[in-house]
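Peer 1: I'd like to ask you about the structure that follows.
Just so it is clear, none of the values below were taken in a lab; they were calculated from the coordinates. Please read these numbers as outputs of a predicted model, since none were measured by experiment. Backbone-built Cβ (ideal geometry, glycine too); neighbour counts: all protein chains shown.
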Amino acid sequence: MKLSRIFLSLTCQSLAALSFITAIGCSTVREQPTEEVVAVAPEEVAKPSIKREVKNLNLKKMNEDKSPKKRIVVLPFLDKSNERDEVILEKARHAFMDDLNKADEMVALDSSEIKLDLKKYIKNNEYDMPALSKDLQNAGVSALLEAKVIDLRFKDNVATLPAEEGAAAMPVKKLRLARFEVVVSARVTNVRSEQVLFHTVKTVSIEEENTQLPENVASNFFFNRNPELAGLLIKDAMLDFTPQIGEALAQITWEGRIAALNGEKIYLNVGKISGVQVGDILKVVEDGNEVYDPEIGYHIGKVPGRAKGTLEIINYFGQDGAISIIHSGAGFKENDRVELYQ
């Protein structure tokens, strides 16, 4: 009985296996494809098409093509009313200098770098530009910029707010749209000749569509409570002078100064920021004499000085200085003027 049970068990397992194989065979026959598969030759398979385009930007050539920048000192802003906070004016001045330094033709310097007490040069709320220029002859500065805020006010533009739907009848509040007028002046003086190159007053209108102002607010009160806005408006108004400042500087010959001599190396007060490149050849010229015209009663400028030789730029130092060696000539000394060699 025991053997029979084992045999029957084996027989059943064998029958199950046979049924499984038969099922697979049937399934295999049913899944055979009825359509003929066409083979594709390797050369007929589509290949991806890649287009390659390369553009080169020669940064070295761009730097070489740039002319040296002229240094202009931006003096502390003056205020005709003397009512505005000096902090507002200083923030506007520094923001204005940042924008000027984005221009290719100039380097805007803070007046703190010239080491002079500028309050001594202010007369009748203006800078004594001839006296200041005379004291900066050897500072390596091309020009001075005086800026003054004459007025900062609202434009008269009253708007009536429409009544809301479903609202009860009530007085309609009048608001003024945020429209401003800024009146500013700018004066640029050539340090070397002490001549005024540019002096203009501008009235700049600025609108802010997303801001509304109460009708009876006073301009001075509003701007004193909103110093950041006041500084921004002054800076934006001053930016309109940027093209004219660039045109004024175009009338000035670029120059630097010999700051120090140490053996074979000669140190200049103009460097990478001023646009001087390693390998440049600069001409050294001594200062000429002042020419006085007795008919008009003042000096009309300096005659060109004698050329002493040339220097070759080999490296940079400090914030904006250059190291040079003698290329030709001799007899160089501190404060000798350097110009572009053409």
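Peer 1: As a quick test, which of the pairs 119/148; 91/148; 235/272; 115/265; 69/235 have an alpha carbon distance above 19 angstrom in this structure?
Peer 2: Pairs exceeding 19 Å: 235/272; 115/265; 69/235.
Peer 1: Using the crude model of +1 on Lys and Arg Cβ and -1 on Asp and Glu Cβ, and no other charge, please compute the dipole size for the range 256-340 relative to its Cα centre, in debye to 20.
Peer 2: The calculation lands at about 260 debye.
Peer 1: Also, I was wondering about something else. Sorted by average packing, counted as other Cβ atoms within 10 angstrom per residue and highest first, what order do 283-294, 327-338 take?
Peer 2: 327-338, 283-294
Peer 1: In whole Hz, with x marking every Gly and Pro, tabulate ³J(HN,Hα) for the range 278-284 from phi via Karplus 6.51 cos²θ - 1.76 cosθ + 1.60, θ = phi - 60°.
Peer 2: 3J(HN,Hα) across the range 278-284, in whole Hz: 4, x, 4, 10, 10, 8, 9.
Peer 1: Okay, next question. Between their Cα atoms, which of 80/123; 102/134; 155/202 are more than 18 Å away from each other?
Peer 2: Table pairs above 18 Å Cα-Cα are 102/134.
Peer 1: Computed FRET efficiency, Cβ-Cβ of residue 341 and residue 290, R0 30 Å: what is it to the nearest 0.05?
Peer 2: 0.75
Peer 1: A further question follows. Calculate the spin-label point distance for residue 138 paired with residue 247, positioning each point 7 Å from the Cα along the beta-carbon direction, and give it in nanometres.
Peer 2: Here the answer is 3.6 nm between the modelled labels.
Peer 1: Could you pull out every residue, at least 5 positions away or on a different chain, whose amide H is within less than 5 Å of the one on residue 198? Hs are placed 1.01 Å off N in the peptide plane, and Pro or chain starts have none.
Peer 2: So residue 198 has HN proximity to 188.
Peer 1: Pairs of Cα atoms under 8 Å, at least six residues apart: use those to get the relative contact order of the range 191-342, whole percent.
Peer 2: 24 percent.
Peer 1: Now a separate question. Which of the peptides 265-271, 68-74, 315-321 is most tightly packed, and how do the rest follow, judged by the mean count of other Cβ atoms within 10 Å per residue?
Peer 2: Output ranking for 265-271, 68-74, 315-321: 68-74, 265-271, 315-321.
Peer 1: On to the next question. Pull out the extension gain between residue 90 and residue 179, defined as 0.36 nm times the separation in residues minus the alpha carbon to alpha carbon distance; nm, one decimal.
Peer 2: Length gained, residue 90 through residue 179: 29.7 nm.
Peer 1: Same structure again: Read phi for every residue in the range 263-277 and hand back ³J(HN,Hα) as whole Hz from Karplus 6.51 cos²θ - 1.76 cosθ + 1.60, θ = phi - 60°, with x for Gly and Pro.
Peer 2: Listing the rounded values in order: x, 7, 9, 10, 9, 10, 8, 10, x, 5, 4, 6, x, 6, 10 Hz.
Peer 1: First select every other residue whose beta carbon is under 12 angstrom from the beta carbon of residue 235; then total the charges, Lys and Arg +1, Asp and Glu -1.
Peer 2: Result for the local shell: -4.
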